Amino acid sequence: LLVGLMVTSIILSAVATLAFAMSSASAAGGTSASTEAVIRRTTLHLSDLIEHCKMICAAPGTDLVLWRADDNNNGRINVNELVYIERGASADMLRLCRFSSGGNPEYTLSTLAQTATKQQLCALYSFKYTPLIADCNSVQFGFLDAAPPRTRLLAVTFKYLENAVEHRYETVAAVRTRADHLLNASNAIVSSDDD
């Protein structure tokens, strides 16, 4: 009877250890899968936004300003058509900032290139933040062909800590529906018509 109890306790101990190990592995796998899903969603969202924007307008401070679309077909950059990609003062996040205004005023590229413009937009109009990824670091915007507003190829890179290992991620996207034909030699929009 004593030998039977000892063998049973050894078997139960082994089963408990195996169950704990499987539970830990499952939890770690779930966290890793969740992190990968967030990173995949972020990179796809950025690629789609960049590929379908009209123009990468400027890179003031730590932000990137995109002319998302010409919704009213006037060939001008209006506040409702702007998207700021923010990386934060410490380059430790990625989020989008969009504005909404009933009057939909126009903005020039030289105004958008100023770092104070975003604060003015936030003070004047309603705005909405869309978080993409937090707790990342070393977020950088790389202009692979030319500086804004003539940028056609953009790389967004960031590092993310997973399971005590820092991984580097990069999204490279080309602006497909460019509006740089509206620019003159001094990078000002001179035409009110896409033709």
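Computed over the chain with a Gaussian network model linking Cα atoms closer than 10 Å, the most mobile of Pro105, Pro60, Pro131 is Pro105.
At a Förster radius of 45 Å, what calculated FRET efficiency corresponds to the Cβ-Cβ distance of Ala123 and Ser23, to the nearest 0.05? Kindly include the intermediate steps, with their values, before the conclusion.
Details: r = 51 Å, r/R0 = 1.13.
Once the sixth-power term is evaluated, E becomes 0.30.
Rounded to the nearest 0.05, what FRET efficiency is calculated for Asn74 and Arg152 with R0 set to 25 Å and r the Cβ-Cβ distance?
Working: r = 23 Å, r/R0 = 0.92.
In this case the efficiency is close to 0.65.
Of the accessible area of the chain, computed with a 1.4 Å probe over protein heavy atoms only, carbon and sulfur atoms account for 57 percent. Label-to-label distance for Ala37 and Glu166 is 2.8 nm, based on points extended 7 Å past Cα in the beta-carbon direction. Applying 0.36 nm per residue to the separation of Asn104 and His52 and subtracting their alpha-carbon distance, the gain on full extension is 16.7 nm. Note on Ser9 and Thr177: their simple-model spin labels are 7.3 nm apart, each label 7 Å out from Cα toward Cβ.
Using helices alone, I'd like the mean residue ellipticity at 222 nm for the chain: each DSSP H run of four-plus residues gives -39500 (n - 2.57), total over residue count, nearest 500.
Values: 3 runs with 63 residues, N = 195.
Per the formula, -11000 deg cm²/dmol.
Would you list which lysines come within 23 Å of Lys128, measuring only between C-alpha atoms, while excluding same-chain residues fewer than 8 positions from it? Within the straight-line limit of under 23 Å, Lys128 reaches these lysines: Lys54, Lys118. Solvent-accessible surface of the chain, averaged per residue with a 1.4 angstrom probe and all protein chains in place: 55 square angstrom.
Within the full protein context, the accessible area of Lys54 is estimated at about 40 Å² for a probe radius of 1.4 Å.
The values are calculated or read from the model by the stated rules, or taken from the named source; none is laboratory data. These figures come from a predicted structure and were not determined experimentally. Positions of Cβ are backbone-derived with ideal geometry, glycine not excepted, and every protein chain shown enters the neighbour counts. Remember, those area values only see protein heavy atoms, side chains included, never the ligands or the DNA or RNA. Shrake-Rupley method; radii C 1.70, N 1.55, O 1.52, S 1.80 Å.
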